[in-house]
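Please read the structure below before turning to the comments.
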Amino acid sequence: MANILVTGGAGFIGGNFVHFWNARNPEDHVVVLDALTYAGNRSTIAGATNADLVEGDIRDQGLVEQLLRERDIATIVHFAAESHVDRSISGPDAFIDTNILGTNSLLKAARSVWLDGDGKEHRFHHISTDEVFGSLGNDDPAFSETTPYAPNSPYSASKAASDHLVRAYHHTYGLEVTTSNCSNNYGPYQYPEKLIPLFFLNALSGKPLPIYGDGMNVRDWLHVEDHCCGIEACLTKGQPGETYNIGGGAELPNMEVIDAICREVDRAFEEVAGLAERYPDAPAAKGGKSDSLKTFVTDRAGHDRRYAIDETKARGELGYSAAHGFDEGLRQTLRWYLDNEDWWRPLLTREA
Ligand code: NAD
């Protein structure tokens, strides 16, 4: 039995991780530290079986030290971040504050409590992104753990800086850290500003599906449950000081993902009773096709062309491999949104 601290646990991946950890380790108590920004949501973890939410900021070093001491915590899984690339382009400051200064503050707290005491076993696991490696050409080899960093957006630059800090706290102070760099996640509880939930909910309400550039930017899609398995493998089998790439094995151009969403929406209207009454503005409710909503818009500034993950190391050293195929994972995700309108509906009108 142990207590673990999950930062950003009221967000998308962190929230999924809280449920995953509770199911796999029912004896462990999960302390969630989350500032509840626009992206955080109490209801995501309201049903968690063995967790409590502390509303607070990772930049509050005193609070983090107090939690580590009073709750006897020796494991931190660090998800908290500003995570949306488009927001980092319109307003980079919050990304610097939370992703760089916040991670540094958390590391300082961990160092002060874990390394100044009796030197007991501990672990700081940092969640990062494949975006730190920059952009690939179509024929370039996939990112490995030794690919040089070349972040292109304020978001990825802030994540790169946080990765370097985590590495430095290991090298300089001996803090036991691991880092995972993962690809694009999808699954339940994702805030509807990200591609899959945004396009799905727009298709349900008959709104345009805004496609950046030519729609041929390539991403590797990772089901969030597979990501949670990868994080668990890092915590249990990862070596301190090491980094691991976690991918979904589903490298797809955005347009293929968008076509798959459109097909799934049209299919849901054929298979699920009552959808035409619930979503009368969807093309599929009037005998039309969701792909009629596709609209090309000006490309994102500095839009990276392709990301791809070489996960040989995680497979060999951690025994990690993704279990979800993209088509099945997407269908399950979209059906989750249909079944959980109470979760996403209030977010559409939330102040961000
Ligand atoms: P998210 O935006 O859904 O959630 C972030 C959470 O962090 C929110 O609950 C928010 O309230 C909280 N938070 C923000 N600032 C905070 C602060 N200063 N103190 C405490 N809490 C704060 O993000 P996500 O998609 O779940 O991503 C989680 C992590 O995974 C991030 O570090 C992100 O960089 C990384 N990542 C995400 C993806 C993806 O596809 N979503 C891909 C690669 C890496």
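Charged neighbours of T333, selected by a Cβ distance under 12 Å, balance to -2 (K, R count +1; D, E count -1).
Relative contact order, percent, of the stretch 196-352 when contacts are C-alpha pairs under 8 Å separated by at least 6 residues?
37
With 27 Å as the limit, write out which pairs from K159/K194; K108/K194; K108/K237; K159/K237; K194/K237 have Cα-Cα distances beyond it, or answer none. The pairs that break the limit, which is 27 Å between Cα atoms, are K108/K194; K194/K237.
Here the accessible area of the stretch 228-352 is 46 percent carbon and sulfur, with a 1.4 angstrom probe and all protein chains present.
Computed over the alpha-carbon atoms, the stretch 115-209 gives an Rg to Rh ratio of 1.11, Rh here being the Kirkwood radius from the mean inverse distance.
Quick check: net charge around P283, other residues with Cβ under 10 Å of its Cβ, Lys/Arg +1 and Asp/Glu -1?
In short, -1.
A 1.4 Å probe run over the stretch 80-132, with the rest of the protein chains in place, finds 38 Å² accessible per residue.
Based on Cα contacts under 8 Å between residues 6+ apart, the stretch 106-255 shows a relative contact order of 28 percent. In the chain, Cα pairs under 8 Å separated by at least six residues give a relative contact order of 18 percent. Here's the picture: a label point sits 7 Å out from the Cα of K108 along the beta-carbon direction, and within the stretch 44-67 the residues with their amide nitrogen under 20 Å of it are 56-67. With a simple spin-label model that places each label point 7 Å from the Cα along the Cα-to-Cβ direction, the separation between E341 and R315 comes to 4.3 nm. Shown here are the Rg and Dmax of the Cα trace of the stretch 20-174, at 16.8, 52 Å. Once the mean of 1/r is taken over each pair of separate Cα atoms and inverted, the stretch 5-101 shows a Kirkwood hydrodynamic radius of 13.7 Å. Kirkwood hydrodynamic radius computed over the stretch 290-352 comes to 16.4 Å, based on all pairs of distinct alpha carbons.
Taking every alpha-carbon pair in the chain and binning the separations at 20 Å intervals from zero gives 30, 58, 11, 0 percent.
Under 14 Å of direct C-alpha separation, and excluding same-chain neighbours fewer than eight residues apart, K289 reaches these aspartates and glutamates: D259, E264, D266, E270, D281. In the chain, the longest principal axis of the Cα atoms and the axis of helix 224-237 are about 20 degrees apart. Against the chain, whose longest principal axis is taken from its Cα atoms, helix 61-70 shows a tilt of about 70°.
For the stretch 52-59, in order, what is each residue's ³J(HN,Hα) by Karplus, 6.51 cos²θ - 1.76 cosθ + 1.60 with θ = phi - 60°, in whole Hz (x at glycine and Pro)? After applying 6.51 cos²θ - 1.76 cosθ + 1.60, I find 9, 9, 9, 7, x, 9, 5, 7 Hz.
A simple rule links phi to the HN-Hα coupling: the Karplus curve 6.51 cos²θ - 1.76 cosθ + 1.60 with θ = phi - 60°, which for the stretch 31-36 gives 9, 9, 10, 8, 7, 6 Hz, with x for Gly and Pro. Scattering from the stretch 227-289 was approximated by placing one identical point on each alpha carbon and applying the Debye formula without solvent; log10 I(q)/I(0) at 0.19, 0.20 1/Å stands at -0.76, -0.79.
What order do you get for 171-179, 78-86, 266-274, 7-15 when each peptide is scored by the mean count of other beta carbon atoms within 10 Å, highest first?
Details: 171-179: 18.1, 78-86: 23.0, 266-274: 13.0, 7-15: 27.1.
My ranking of the peptides, most packed first, is 7-15, 78-86, 171-179, 266-274.
Using the rule -39500 (n - 2.57) for each DSSP H run of four or more residues, divided by the residues of the chain, the 222 nm mean residue ellipticity is -10500 deg cm²/dmol. Full extension of the chain between R350 and V272 yields a length gain of 25.3 nm, computed as 0.36 nm times the residue separation minus the alpha carbon distance.
The values are calculated or read from the model by the stated rules, or taken from the named source; none is laboratory data. Treat the numbers as computed from the prediction; the structure is a model and nothing was measured. For neighbour counting, all protein chains shown are included, and Cβ atoms are generated from backbone atoms with ideal geometry for every residue, glycine included. These area figures cover heavy atoms from the full protein model, side chains too; ligands, DNA and RNA do not enter into them. Shrake-Rupley method; radii C 1.70, N 1.55, O 1.52, S 1.80 Å.
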